[in-house]
Amino acid sequence: MVRFTVLASGSKGNATVVSGSRTSILVDCGLSCRELFRRMKLAGEEPEALDAIVITHEHSDHVNGVVVTARKLGIPVYFTEATHRAWMRWLSPRRQMSYAQWLELCRKQAAERQAEADASTDEGEPEEAGDLAESRSHAEEVEQSVAAEVPQEATPEAPTRQQGPTWLPAVEYFQAGQPFAIGDIDLSPFTIPHDAADPVGFVLKAEGVRMGYATDLGYISPNVKAQLRGVDLLLLESNHDLEMLRDGPYPWAVKQRVLSRVGHLSNEATAEFLENGYDGQAAYVILAHLSENNNLPELARGTAERALSGRASLLANRLLLAAQHEFLSGIYF
């Protein structure tokens with residue numbers, strides 16, 4: 001049996017459980033661990049059954065709970081390498097040092113080296129031994145000062161500090177365009193147009209059931225259209241109503257970002273795809289990532305229903321809406 005359960009979808013957090021007969025994975029982890037577990041239990045999902053977390057991109061509404069959840073369950077997290085590095089930079093901001101601070105640090109290091117050299121001379125060390133000691137001391141001080149002033153990121157392959165903000169039990173890399181498997185779930189990641197380091201959507205396959213997952217994309221590019229053909233379930237963004245966004249409270253710069261080709265899909269753009277670019281084969285179509293400020297569920301639903309009106313079927317295109325504050329009951333195949 002295959003199960004697809006959307007726990008949350010929107011700008012405040014995204015998380016979806018996909019399960020096959022032997023494997024269960026979490027696609028994105030934008031809820032806190034506590035809230036994630038609460039919703040999973042309400043939806044009939046078992047947190048302890050999760051085998052992995054897969055991340056689409058590093059924006060906070062997709063990764064907020066990943067550290068605590070992965071550590072608590074002891075499971076690996078799958079990223080593209082660029083997404084992982086962007087996420088680590090986000091969690092490990094480097095300290096900025098002014099020119100005056102750098103000069104003071106250099107003066108302090110020089111004074112300490114001179115003091116140690118004087119002490120070595122007073123103790124009667126041979127000149128060569130003293131030079132060697134000074135060289136080693138200087139190297140150690142430089143290493144220590146750099147570590148103190150500019151914290152280093154943990155390497156992705158072997159994190160060494162469990163208490164660090166980016167430490168995870170295990171990290172696995174995948175690449176867009178390169179299918180991979182987690183247990184009995186096959187994943188085909190594909191590039192999507194969004195303003196992140198290396199954002200992806202997925203086609204997930206388990207027991208012959210194909211599920212398309214594509215949110216956070218400014219437009220539906222040809223490669224996205226190609227990937228979303230022949231799916232049994234389609235989860236697709238329907239983020240905003242154009243008039244609500246243009247007349248809404250967001251600053252103009254934010255409106256431009258949302259409307260851009262690396263922003264988010266409008267109801268109208270989603271409907272255009274459903275009418276003209278979609279093959280009509282999915283049993284379920286789920287509208288996702290609806291804006292709470294610039295959209296209404298009835299607007300998103302009405303626009304999509306009109307687009308799908310020519311594809312009326314008892315067996316396909318059942319339209320559902322994923323919400324931010326409550327889970328969508330699991331879909332079974």
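Being crowded, with 20+ Cβ neighbours inside 10 Å and either under 18 Å from Y213 (Cβ atoms) or within 23 Å of the chain's Cα centre (by Cα) (or both): is that true of L245 here?
Against the criterion (crowded, with 20+ Cβ neighbours inside 10 Å and either under 18 Å from Y213 (Cβ atoms) or within 23 Å of the chain's Cα centre (by Cα) (or both)), L245 does not qualify.
Of all residues in segment 36-60 being in a loop (DSSP other than H, G, I, E, B) and among the small types (G, A, S), which is surrounded by the most Cβ atoms within 10 Å (Cβ to Cβ)?
Among those that are in a loop (DSSP other than H, G, I, E, B) and among the small types (G, A, S), it is A43.
Condition test on V200, is it assigned by TED's automatic domain parsing to the domain that holds E272 and either modelled with pLDDT under 95 or surrounded by fewer than 24 Cβ atoms within 10 Å (Cβ to Cβ) (or both)?
No.
Is one or more of the residues making up segment 12-28 touching a His at 6+ places or on another chain (Cβ under 6 Å) and crowded, with 24+ Cβ neighbours inside 10 Å?
Within segment 12-28, one or more residues are touching a His at 6+ places or on another chain (Cβ under 6 Å) and crowded, with 24+ Cβ neighbours inside 10 Å.
Across segment 256-299, what is the number of residues that are aliphatic (A, V, I, L, M), more than 23 Å from the chain's Cα centre (by Cα) and over 25 Å from I331 (Cα atoms)?
Selection size over segment 256-299: 1.
Tally the residues that are closer than 29 Å to S266 by Cβ, more than 15 Å from the chain's Cα centre (by Cα) and not in a strand (DSSP E or B), restricting the search to segment 1-35.
1
Scan segment 62-72 residue by residue and report those that are surrounded by 19 or more Cβ atoms within 10 Å (Cβ to Cβ) and either outside the structural domain of T215 (by TED's automatic domain parsing) or not small (G, A, S) (or both).
Matches in segment 62-72: H62, V63, N64, V66, V67, T69.
Any residue at all in segment 159-171 that's at pLDDT 80 or above, part of a strand (DSSP E or B) and either small (G, A, S) or closer than 29 Å to K205 by Cβ (or both)?
yes
What pairs come out if I take residues in segment 104-118 that are free of Cβ contacts under 8 Å to residues at least 12 places away in the same chain and pair them with residues that are assigned to a helix (DSSP H, G or I) whose C-beta lies under 9 Å away, six or more apart or interchain?
K108/S145
Let me spell it out: the conditions are (1) of a type in the set (G, A, S); (2) under 19 Å from the mean Cα position of the chain (by Cα); (3) at pLDDT below 95, and A148 meets all of them except one. Which number is the exception?
Here A148 meets the rest and fails (2).
Evaluate the following for G212: is it among the small types (G, A, S), assigned to a loop (DSSP other than H, G, I, E, B), at negative phi and touching a helix residue (DSSP H, G or I) at 6+ places or on another chain (Cβ under 9 Å)?
no
For segment 82-125: of the residues being exposed (fewer than 11 other Cβ atoms within 10 Å of the Cβ) and part of a loop (DSSP other than H, G, I, E, B), which is modelled with the lowest pLDDT?
For segment 82-125, the residue satisfying everything is G124.
Six or more apart or on different chains, Cβ atoms under 9 Å: show the pairs whose first residue is in segment 39-54 and under 18 Å from R71 (Cβ atoms) and whose second is of a type in the set (D, E, K, R) and part of a helix (DSSP H, G or I).
Within 9 Å, the pairs are P47/K41; P47/K72.
The values are calculated or read from the model by the stated rules, or taken from the named source; none is laboratory data. Computed from a prediction, not measured in an experiment: that's the story for all the values here. Don't worry about glycine lacking a Cβ; one is built from the backbone with ideal geometry, like all the others, and counts go over all protein chains shown.
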